[in-house]
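Step one of this worksheet: look at the structure below.
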Amino acid sequence: MASSSALIVLLVVLGCAAAASAASFTVGDSQGWAIGPNYATWASGKTFVAGDTLVFNYGSQAHTVTEVSKKEYDACSSTANGENSGTTTKTLTAGDHYYICTIGTHCANGMKLAITVADSSSGTPPAAPAPPGASTPPTAPSSPTASSAPARLHAVPFLAAAAGVLVKLALF
C-alpha cells in the first residue's frame, strides 16, 4: 500500500514538471499589442514550442487579435473579426502562425506577427517564416540563450521512461 501511494505522488510530481515546461510570451513585452512595435524584431531570437502561450495585451475594443492564413497575413485582410477583449491568450501548436489586427489600417501599420512553432518533442525549431518583402530564404534561428528565451525543461521523454519504470516496480 505504501509503495502505491508513493507511486501516485511521484507520478503527480512528474506530471506537474511536464506541465511547467511550457513558456508564456507577452507579445510586444511592455509595449503590448499596439501600433508601433516591430513584431518581427520582437519574435527574432525567441524559440516557440508547441504548448507555449502567447499573451496579447491591448486596449479593449481598440484592437483585435485574429489568427489568419499566410495569404491573409501578407494582404493584411481577413473577414474574421478576431478577439477584442483586451487580453487574448493563444496556446501554440507546431507550425507557422500568423496574427493581425483587423481594425482599420493597423495591420498595414505593423500590427502583425508571424512565428514558427517547433514540435515539443523535437526540441529543434523549424526555420522562421520569412518577413514580408524578404528576398532571401529564412534561416533557422540561433539557439535560445538565457537572455533571449525562457528556460525550458524538455523532460517529456525522461518523464515517460520514469513513469514506465515506476509502473513496473508497482506491479512487482
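The values are calculated or read from the model by the stated rules, or taken from the named source; none is laboratory data. All values reported here derive from a predicted model rather than from experimental measurement. No Cβ is skipped: glycine too gets one built from the backbone with ideal geometry, and neighbour counts run over all protein chains shown. Surface accessibility is based on the protein's heavy atoms, side chains included, excluding ligands, DNA and RNA. Shrake-Rupley method; radii C 1.70, N 1.55, O 1.52, S 1.80 Å.
For the stretch 101-121, a residue qualifies if it is outside any loop (DSSP other than H, G, I, E, B) and touching a Cys at 6+ places or on another chain (Cβ under 8 Å), and exactly one does: 112. Within the stretch 46-61, the set of residues being surrounded by fewer than 18 Cβ atoms within 10 Å (Cβ to Cβ), more than 16 Å from residue 99 (Cβ to Cβ) and either over 13 Å from the mean Cα position of the chain (by Cα) or β-branched (Val, Ile, Thr) (or both) comprises 59, 60, 61. Evaluation of residue 21 against the conditions (1) of a type in the set (S, T, N, Q); (2) modelled with pLDDT of 95 or more; (3) open to solvent by less than 30 Å² (accessible area, probe 1.4 Å) shows that the sole unmet condition is (2). Scanning the stretch 24-45 for residues that are open to solvent by less than 40 Å² (accessible area, probe 1.4 Å) and assigned to a loop (DSSP other than H, G, I, E, B) returns 27, 28, 32, 33, 34, 37, 45.
Only residues that are at pLDDT 95 or above and open to solvent by 60 Å² or more (accessible area, probe 1.4 Å) were counted across the stretch 105-138, and they come to 3. Summed over the stretch 63-88, residues that are in a helix (DSSP H, G or I) and touching a Ser or Thr at 6+ places or on another chain (Cβ under 6 Å) total 1. Residues in the stretch 64-104 that are farther than 19 Å from residue 34 by Cβ, open to solvent by 20 Å² or more (accessible area, probe 1.4 Å) and among the aliphatic types (A, V, I, L, M): 75, 80, 94.
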